[in-house]
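To keep things clear, I will list the structure first and then write my remarks on it.
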Amino acid sequence: MSTVMQKIKDIEDEMARTQKNKATAHHLGLLKAKLAKLRRELLTPSSKGGGAAGDGFDVTKSGDARVGLVGFPSVGKSTLLNKLTGTFSEVASYEFTTLTCIPGVIMYKGAKIQLLDLPGIIEGAKDGKGRGRQVISTARTCNCILIVLDAIKPITHKRLIEKELEGFGIRLNKERPNLTFRRKEKGGINFTSTAANTNLDLETVKAICSEYRIHNADISLRYDATADDLIDVIEGSRVYIPCIYVINKIDQITLEELEILDKLPHYCPISAHLEWNLDGLLEKVWEYLDLVRIYTKPKGMNPDYDDPVILSSKRTTVEDFCNRIHKDMLKQFKYALVWGSSAKHKPQRVGKEHELEDEDVVQIIKKV
């Protein structure tokens, strides 16, 4: 482990020393690829050691979405979990109070949202320090991450946490790179771009591919991609998660300081202890989770507005709706009646490919 850590440090030092310009782009691209491979080796160790993932981290995913609280020790994550969910997570003024992963549940707009209080992250978590590997592994399974920051401590914490999560393959508030990478049997590296390209050239692309022992591939860019984007696609294990920066303890700063913090994107100011703006935080979480509520209507009865079926906004067909209720429902499916903004008339008779919208009402008609 120490040799991998040393190799990572040597590469990071060399990257820090290297000036960024066109002449060094190829060399930096190669170093980034080596670094990504070493990080993967470090963070997914072979199972021969038999080390357990760590008590308290195998939390079963439940509810309609999972939200993780990530932050340095003593920023108020446990207090926030207690206030939002009524779950008890030990609160104290000393660091590292929470040593396992504490789950709680928020009921909001008919959705059941699982909230995880992860142990305080420390610098170097991505390199396996502390219990960083378990913390960030659990963070990877979340649908949204709340980075909790202390308003009286500098924003450097934000940068450090971002660096730790980035090092573990978590991309915050980013879209997947819009580039195509396809391995092939022969023909070498074929590199094309439909946009002006200032970061990548054929030499850099070939250097990155050779580091991964890829000698035949088609790579097509649709925007000005970077070496990091190409490495992310080759690695294939990156997760893209929406993130909200929760600035806690705003009761301890001045109005002027609050106005400066207010200019940050993806930001939400709160005081967990005094319960300030917790409603605003929940509303923002709902917006970032991007969920859709669909109400069911049994035949001859009124719609059930108390218990909606929750879907991801990326999977909103009638087929997705049926699968969410029961996996065998599609076998008996004949057609559906839909009321709401996705219907041209009320009700509209639709098939399983129909795309539903938030707060639609659906009645499934089964085969006789």
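The values are calculated or read from the model by the stated rules, or taken from the named source; none is laboratory data. All values reported here derive from a predicted model rather than from experimental measurement. A quick note on method: Cβ atoms are made from the backbone with ideal geometry, for glycine too, and the neighbour counts reach across all protein chains shown. Each accessible area value is taken on the protein alone, full model and side chains, heavy atoms only, with ligands, DNA and RNA left out. Shrake-Rupley method; radii C 1.70, N 1.55, O 1.52, S 1.80 Å.
Could you tell me whether the range 21-29 includes any residue that is touching an Asp or Glu at 6+ places or on another chain (Cβ under 8 Å) and either in a helix (DSSP H, G or I) or at pLDDT below 90 (or both)? Scanning the range 21-29, I find at least one residue that is touching an Asp or Glu at 6+ places or on another chain (Cβ under 8 Å) and either in a helix (DSSP H, G or I) or at pLDDT below 90 (or both), so the answer is yes.
Please verify whether the range 267-275 includes one or more residues that are among the β-branched types (Val, Ile, Thr), open to solvent by 40 Å² or more (accessible area, probe 1.4 Å) and not assigned by the TED database to the domain that holds LEU356. Break it down into steps so the answer makes sense when it comes.
Quick first cut of the range 267-275, residues among the β-branched types (Val, Ile, Thr) only: 270.
Then drop every residue that is not open to solvent by 40 Å² or more (accessible area, probe 1.4 Å), which leaves none.
No: the range 267-275 contains no residue that is among the β-branched types (Val, Ile, Thr), open to solvent by 40 Å² or more (accessible area, probe 1.4 Å) and not assigned by the TED database to the domain that holds LEU356.
Residues satisfying the criterion are absent from the range 329-338 (criterion: open to solvent by 70 Å² or more (accessible area, probe 1.4 Å), assigned to a loop (DSSP other than H, G, I, E, B) and of a type in the set (S, T, N, Q)).
Of the residues GLU353, GLU359, GLU256, the single one that is at positive phi and either surrounded by fewer than 12 Cβ atoms within 10 Å (Cβ to Cβ) or acidic (Asp, Glu) (or both) is GLU359. Of all the residues in the range 167-206, those that are open to solvent by 70 Å² or more (accessible area, probe 1.4 Å) and closer than 21 Å to PRO242 by Cβ number 4. Taking the conditions (1) open to solvent by less than 20 Å² (accessible area, probe 1.4 Å); (2) modelled with pLDDT of 75 or more; (3) not assigned by the TED database to the domain that holds VAL205 in turn, ALA36 satisfies each one other than (3).
Condition check for SER237 on (1) within 23 Å of THR141 (Cα to Cα); (2) of a type in the set (S, T, N, Q); (3) at pLDDT 90 or above: one failure, at (3). When the test is whether a residue is modelled with pLDDT of 90 or more, of a type in the set (A, V, I, L, M, F, W, C) and in a loop (DSSP other than H, G, I, E, B), ILE214 passes it.
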